[in-house]
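Engineer: The structure follows.
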Amino acid sequence: MSNVRERIREKKRIVVKIGSSSLTHNETGDMDYIRMEKLVRELSNIRNQGKEVVLVTSGAIAAGKNAVNLKDIRVDSQAESLAVKQACAAVGQARLMMTYQKLFAEYNQVAAQILMTKNTIVDNLNRYNAHNTFSELLKMGVIPVVNENDTVATYEIEIGDNDTLSAIVAAMVGADLLILLSDIDGLYTDDPRKNPNAQFIEQVDALTEDLIGMGKATTGSNVGTGGMNTKLVAAEIAMKSNMDMIIANSRDIGVLHRILAGEKEGTLFAAGQDDNFDLPEFVKGLHMK
Ligand code: GLU
């Protein structure tokens, strides 16, 4: 196992995903600027080590709701129409990006915004263009900041959650590590909030049916759309694309540099290889919510 952690230190192209619940205050739903600031500082420091970084960030809908005083409406509420959600995303994505731009500029980094839908991957020309754009940005030393294009993504064309989106992005750009920052320490044998005997799993070498069953234990958050299920979908994409993936707790953003120093943080899903894995086909077949 130590071998796998050792090789984490050599990673060169890293995708980091952070969820809405990690970026907002529980009590109010407002942006947690200290957390964002720490995230940006960590990512800038990774860039300064000569590594390439892509950030996949949620929080657009949450930020937009707060801005227009709709924060009491849950993302999954029946009462909320698609148009309201999409309008909030339009407001919130701009705010989110404004904050990231400001923070990255303080650390002398250039950030770029990329908004995607399922079509970006499924359509061959779109995927080709997106791939080239990412490659160019990384070559320029820019940090791409990615989210789903929630303002236009409807049921038919949405990926639906950013765990899956981050793995898709990581596979498309040929990243060698994906880190999912969440409000949970990693994968447990059961939901640790309900079962005190639930055991923490440090490393996963193969996704068995048993493990997928354990994933049914979801996070306690009602802000983002991900749970352990979507993280296991991400793990499947990552492992089949020959990429290591780590789920870690965003409580302390400093976990990022500890992970990259090879420390045992979170659950590590070790890269596998599946020569038959076809990313666009997989994305086309993604379960639509
Ligand atoms: N794309 C959504 C947002 O920015 C969040 C999706 C997710 O939480 O997985 O608000």
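The values are calculated or read from the model by the stated rules, or taken from the named source; none is laboratory data. Quick caveat: nothing in here was measured; it's all calculated off a predicted structure. As a convention, Cβ positions derive from the backbone with ideal geometry for all residues, glycine included, and neighbour counts pool all protein chains shown. The protein model used for the area step is the full one, side chains on, heavy atoms only, and it has no ligands, DNA or RNA in it. Shrake-Rupley method; radii C 1.70, N 1.55, O 1.52, S 1.80 Å.
Engineer: So how exposed is PHE282, as accessible area in Å² (1.4 Å probe, rounded to 10)?
Structural biologist: My reading of the accessible area for PHE282 is about 50 Å².
Engineer: Using packing as a proxy for protection, rank 256-262, 81-87 so that the peptide with the highest average count of other Cβ atoms within 10 Å comes first.
Structural biologist: 256-262, 81-87
Engineer: Rank these residues by their accessible area, most exposed first, probe 1.4 Å: SER182, SER241.
Structural biologist: Accessible-area ranking of SER182, SER241, largest first: SER241, SER182.
Engineer: How much accessible area per residue does segment 81-166 have, counting only protein heavy atoms and a probe of 1.4 Å, in square angstrom?
Structural biologist: Roughly 45 Å² per residue, with all protein chains present.
Engineer: DSSP beta bridges in the chain, what fraction antiparallel, as a percent rounded to 5?
Structural biologist: Roughly 20 percent of the DSSP beta bridges within the chain come out antiparallel.
Engineer: Could you state how much accessible area GLU148 has, in square angstrom rounded to the nearest 10, with a 1.4 Å probe and all protein chains kept in place?
Structural biologist: Taking all protein chains as shown, GLU148 has close to 10 Å².
Engineer: Given the -39500 (n - 2.57) contribution per DSSP H run of 4+ residues, what per-residue ellipticity at 222 nm results for the chain, rounded to the nearest 500 deg cm²/dmol?
Structural biologist: It comes out at -12500 deg cm²/dmol, rounded to the nearest 500.
Engineer: Which order do peptides 32-45, 184-197 fall in by mean Cβ count within 10 Å, highest first?
Structural biologist: Taking the mean over residues of other Cβ atoms within 10 Å, the ranking is 32-45, 184-197.
Engineer: Also, quick follow-up: Please state the charge dipole magnitude for the chain, taken about the Cα centre, from unit charges on C-beta atoms (+1 on K and R, -1 on D and E), reported in debye and rounded to the nearest 20.
Structural biologist: Dipole size: approximately 720 debye.
Engineer: While we're looking at this one, here's another question. Check which residues have an amide H placed less than 5 Å from MET116's amide H, if you skip close sequence neighbours.
Structural biologist: ASN147, GLU148, ASN149
Engineer: ASP244's amide H: which non-local residues (gap 5+, or another chain) put their own amide H closer than 5 Å, with H modeled 1.01 Å from N in plane and none for Pro or chain starts?
Structural biologist: LEU178, ALA271
Engineer: Something else: Please name which of GLN49, SER20, ASN3 has its Cα lying farthest along the dipole of segment 1-51 towards the positive end, using unit charges on Cβ (Lys, Arg +1; Asp, Glu -1) and the Cα centre as origin.
Structural biologist: Result: ASN3, furthest along the dipole toward the positive end.
Engineer: For the chain, what % of the accessible area comes from carbon and sulfur atoms, probe 1.4 Å?
Structural biologist: C and S fraction of accessible area: 48 percent.
Engineer: While we're here: Give me the net charge for the shell around GLU106: Cβ to Cβ below 14 angstrom, other residues only, Lys and Arg +1, Asp and Glu -1.
Structural biologist: Value of the local net charge: +2.
Engineer: Just the number, please: percent antiparallel of the DSSP beta bridges in segment 116-257, rounded to the nearest 5.
Structural biologist: Among the beta bridges of segment 116-257, antiparallel pairing accounts for roughly 20 percent.
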